[in-house]
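The structure under discussion appears below in the form of structure tokens.
The values are calculated or read from the model by the stated rules, or taken from the named source; none is laboratory data. Only a predicted model underlies this, so the values are computations on that prediction, with no experimental measurement involved. For neighbour counting, all protein chains shown are included, and Cβ atoms are generated from backbone atoms with ideal geometry for every residue, glycine included.
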């Protein structure tokens, strides 16, 4: 592509990609080879399919292998930003085919023709092999942990050392080559050299990719974020890692320092577990810097991290807080006290993560009791703002960010002032009361069902009753007006009207599991007697206040009453 263009997109076959005189390099600090037999088998089945099938119109079939993202400034040598696992494995298939042809040469089977075929395949898809030193100058160079093994043993088809000294990724490369070679021998056993060459030619001409070429790391990261937002998961984490480690390497770091960085980087990923590194980085970063959207994050990190010292500082800080970030989403973690755990359980139940930037920034700067106060305030605000209010999160995110930066950078902040700012963000009592009085929670969703149980339990406690654990199996969430009322028991309620009102908060209460089956789909007069025997004050109150009937008017009246109580039950304490 012209040098003036920042990126270019095209569909290319494997032959067009590798058989064009260009060279490709997996950046030194990108991930090691990691494919296993599941991926090898899938690729091999693709190869078999395109080698034997034809499309509906009789033309040769083709198979799409996804995106390959390349970076280059000269359009001659490309860094493989995404796609290295596929390109490395396809190279192993070519090597297995070359090895099969060379075996034929040694056996005297069409020796001259098969020698030429093997040489042509190597020159086109693998690279140049020095006949004296057997050193390989490859079209594809793997990362720093796999480069030596690939170039010394696999590319020249030399037997690797025996024993258990191989690095895990080197062992996977060897296993991949051995497995693919076995499949090729089994599939082409007794075939001619021309048949071997034809299979590899089919693979080269019928496997194709969408190749995205970019000019620099920033454009590459933009591509990652665009594709990821459309459901194509790419390794933007690897791109960031390569930038940081290359920055250290360019400043003359020795192998000991690079190995230590590798250990620290892996320690961060290990602590994060299933959590996304880019999400963690953004939460941590935004607690200390101007607010950056995910699409701007790499640019901001690159702008603020330009020296070797800054890379080490960044990784140390990320390592220190990674476990805390994970624990914010796992209230059961031993990291939390009881008060902290309750607030974090509520945030998890609500599905709200916006406060994480503030809580992560505050963790190291607050005593446990004060951190619990802050977490409780975030939970109350989330209930009023997100769950009941359903308000847009943009303003909320900005406030959390500003408070996080204040905690991280300002020397004179006070928790009282932080809580005041959170209270100012909260919907007013009148707005909250109005929203609460109208809201529906369809308990066909497990999340909504749990929230409805939580609301009933908290109101029960606020009204003077004992504290009820909403997750305690002793109690069930009861729809006073059943979801599907029996027409004989509820003759005044039409089915459409029942569906409209049965999910209103005013229609929910808690009932002992032992009584729930008895209540079931009975008439109001029968359910009222059962409710009157409940030990749950919230439920007794329904039986006491609504003697004659239960329907839309009563549900609406009770929900307005509960809304009045909710204002005090969910008050943000400053």
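For every residue, the table says whether it meets (1) touching a residue at least 12 places away in the same chain (Cβ under 8 Å); (2) surrounded by fewer than 16 Cβ atoms within 10 Å (Cβ to Cβ).
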{"position": "303", "(1), (2)": "no, yes"}
{"position": "306", "(1), (2)": "yes, yes"}
{"position": "314", "(1), (2)": "yes, no"}
{"position": "357", "(1), (2)": "yes, no"}
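Residue by residue, here is whether (1) on the phi > 0 side of the Ramachandran plot; (2) at pLDDT 85 or above holds:
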{"position": "56", "(1), (2)": "no, no"}
{"position": "110", "(1), (2)": "yes, yes"}
{"position": "120", "(1), (2)": "no, yes"}
{"position": "135", "(1), (2)": "no, no"}
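Identify all residues within the range 536-553 that are under 19 Å from residue 478 (Cβ atoms) and without any contact (Cβ under 8 Å) to a residue 24 or more places away in the chain; write none if there are none.
The initial filter retains those residues of the range 536-553 that are under 19 Å from residue 478 (Cβ atoms), namely 536-547, 549-552.
Residues satisfying the conditions are 540, 543, 544, 545, 546, 547.
Do we have any residue at all in the range 508-521 that's modelled with pLDDT under 90, over 40 Å from the mean Cα position of the chain (by Cα) and buried (at least 21 other Cβ atoms within 10 Å of the Cβ)?
Yes, the range 508-521 has at least one match.
Could you tell me how many of the residues in the range 439-454 are free of Cβ contacts under 8 Å to residues at least 60 places away in the same chain and either assigned to a helix (DSSP H, G or I) or more than 24 Å from residue 474 (Cβ to Cβ) (or both)?
Keep residues of the range 439-454 that are free of Cβ contacts under 8 Å to residues at least 60 places away in the same chain, which gives 444-446, 448-449, 452-453.
Checking the rest, the ones that are also either assigned to a helix (DSSP H, G or I) or more than 24 Å from residue 474 (Cβ to Cβ) (or both) come to 446, 448-449, 452-453.
Adding up the residues that qualify gives 5.
Determine if the range 180-193 includes at least one residue that is in the same structural domain as residue 79 (by TED's automatic domain parsing), in a helix (DSSP H, G or I) and without any contact (Cβ under 8 Å) to a residue 60 or more places away in the chain. Please lay out each step first, then the result.
Within the range 180-193, the subset in the same structural domain as residue 79 (by TED's automatic domain parsing) is 180-193.
Filter once more, so that each one left must be in a helix (DSSP H, G or I): 180-188, 193.
With the extra rule that they be without any contact (Cβ under 8 Å) to a residue 60 or more places away in the chain, the set shrinks to 182, 186.
The answer is yes; a qualifying residue exists.
Take the residues in the range 489-501 that are outside any helix (DSSP H, G or I) and in contact (Cβ under 8 Å) with a residue 24 or more places away in the chain; name whichever of them is surrounded by the fewest Cβ atoms within 10 Å (Cβ to Cβ). Walk me through it before giving the result.
The first filter runs over the range 489-501 and keeps only residues outside any helix (DSSP H, G or I), leaving 489-494.
Of the ones still in play, those that are also in contact (Cβ under 8 Å) with a residue 24 or more places away in the chain are 489-490, 492-493.
Numbers: 489: 16, 490: 21, 492: 12, 493: 21.
For the range 489-501, the residue satisfying everything is 492.
Taking the range 548-574 only, how many residues are closer than 30 Å to residue 369 by Cβ and part of a loop (DSSP other than H, G, I, E, B)? Break it down into steps so the answer makes sense when it comes.
Keep residues of the range 548-574 that are closer than 30 Å to residue 369 by Cβ, which gives 565-574.
Cutting the leftovers down to part of a loop (DSSP other than H, G, I, E, B) gives us 570-574.
Residues that pass the stated criteria total 5.
Only one of these is in the same structural domain as residue 151 (by TED's automatic domain parsing), crowded, with 20+ Cβ neighbours inside 10 Å, in a strand (DSSP E or B) and in contact (Cβ under 8 Å) with a residue 24 or more places away in the chain: 94, 78. Name it. Step through it out loud before you land on a result.
Values: 94 fails: in a strand (DSSP E or B).
On inspection, the qualifying residue turns out to be 78.
Does the range 223-238 include one or more residues that are at pLDDT 85 or above, within 21 Å of residue 357 (Cβ to Cβ) and not in a loop (DSSP other than H, G, I, E, B)? Even if it seems obvious, please write down each step before you answer.
Of the residues in the range 223-238, the ones at pLDDT 85 or above are none.
The answer is no, given that none of the residues of the range 223-238 is at pLDDT 85 or above, within 21 Å of residue 357 (Cβ to Cβ) and not in a loop (DSSP other than H, G, I, E, B).
Looking only at the range 151-169, which residues are without any contact (Cβ under 8 Å) to a residue 60 or more places away in the chain and surrounded by 13 or more Cβ atoms within 10 Å (Cβ to Cβ)?
Here is the first cut: in the range 151-169, the ones without any contact (Cβ under 8 Å) to a residue 60 or more places away in the chain are 151-153, 156, 158-166.
Those that are without any contact (Cβ under 8 Å) to a residue 60 or more places away in the chain and surrounded by 13 or more Cβ atoms within 10 Å (Cβ to Cβ): 151, 152, 153, 156, 160, 166.
Kindly indicate which of 387, 405 is within 26 Å of the chain's Cα centre (by Cα) and under 21 Å from residue 294 (Cβ atoms). Please lay out each step first, then the result.
Details: 387 fails: under 21 Å from residue 294 (Cβ atoms).
The match here is 405.
Taking the range 247-296 as the region of interest, how many residues are part of a helix (DSSP H, G or I) and over 16 Å from the mean Cα position of the chain (by Cα)? Reasoning before the result, please.
If we filter the range 247-296 for residues that are part of a helix (DSSP H, G or I), which is where we start, we get 247-250, 255-272, 277-286, 294-296.
Then keep just the ones that are over 16 Å from the mean Cα position of the chain (by Cα); that gives 247-250, 255-267, 284-286, 296.
So the answer is 21.
Would you mind telling me which numbered condition in (1) modelled with pLDDT of 95 or more; (2) surrounded by 13 or more Cβ atoms within 10 Å (Cβ to Cβ); (3) farther than 13 Å from residue 196 by Cα residue 125 fails?
Of everything listed in (1) modelled with pLDDT of 95 or more; (2) surrounded by 13 or more Cβ atoms within 10 Å (Cβ to Cβ); (3) farther than 13 Å from residue 196 by Cα, residue 125 misses just condition (1).
Any residue in the range 10-33 that is closer than 30 Å to residue 258 by Cβ, at pLDDT 90 or above, surrounded by fewer than 16 Cβ atoms within 10 Å (Cβ to Cβ) and out of contact with any strand residue (DSSP E or B) (no Cβ under 8 Å at 6 or more places or on another chain)?
no
Just for the range 411-438: of the residues that are in contact with a helix residue (DSSP H, G or I) (Cβ under 6 Å, 6 or more places away or on another chain) and in a loop (DSSP other than H, G, I, E, B), which one is surrounded by the most Cβ atoms within 10 Å (Cβ to Cβ)?
426
Going through the range 101-116 one residue at a time, which ones are over 17 Å from residue 185 (Cα atoms) and either surrounded by 13 or more Cβ atoms within 10 Å (Cβ to Cβ) or not assigned by TED's automatic domain parsing to the domain that holds residue 15 (or both)? Lay out the reasoning, then the answer.
Just the residues of the range 101-116 that are over 17 Å from residue 185 (Cα atoms), to begin with: 108, 110-113, 115-116.
Residues satisfying the conditions are 110, 111, 113, 115, 116.
Please give the number of the condition residue 265 fails out of (1) surrounded by fewer than 21 Cβ atoms within 10 Å (Cβ to Cβ); (2) in the same structural domain as residue 113 (by TED's automatic domain parsing); (3) at pLDDT 90 or above.
Only one criterion in (1) surrounded by fewer than 21 Cβ atoms within 10 Å (Cβ to Cβ); (2) in the same structural domain as residue 113 (by TED's automatic domain parsing); (3) at pLDDT 90 or above is unmet by residue 265, namely (2).
Can you name every residue in the range 502-547 that is in contact with a strand residue (DSSP E or B) (Cβ under 9 Å, 6 or more places away or on another chain), closer than 19 Å to residue 560 by Cβ and assigned to a helix (DSSP H, G or I)?
505, 507, 538, 539, 541, 542
Tell me which residues, restricted to the range 455-476, are surrounded by fewer than 21 Cβ atoms within 10 Å (Cβ to Cβ) and under 16 Å from residue 559 (Cα atoms).
458, 462, 463, listed by residue number.
Going by what's in this entry, would residue 339 be described as touching a residue at least 12 places away in the same chain (Cβ under 8 Å), closer than 25 Å to residue 458 by Cα and within 20 Å of the chain's Cα centre (by Cα)? Even if it seems obvious, please write down each step before you answer.
Details: touching a residue at least 12 places away in the same chain (Cβ under 8 Å): yes; closer than 25 Å to residue 458 by Cα: yes; within 20 Å of the chain's Cα centre (by Cα): no.
The answer is no for residue 339.
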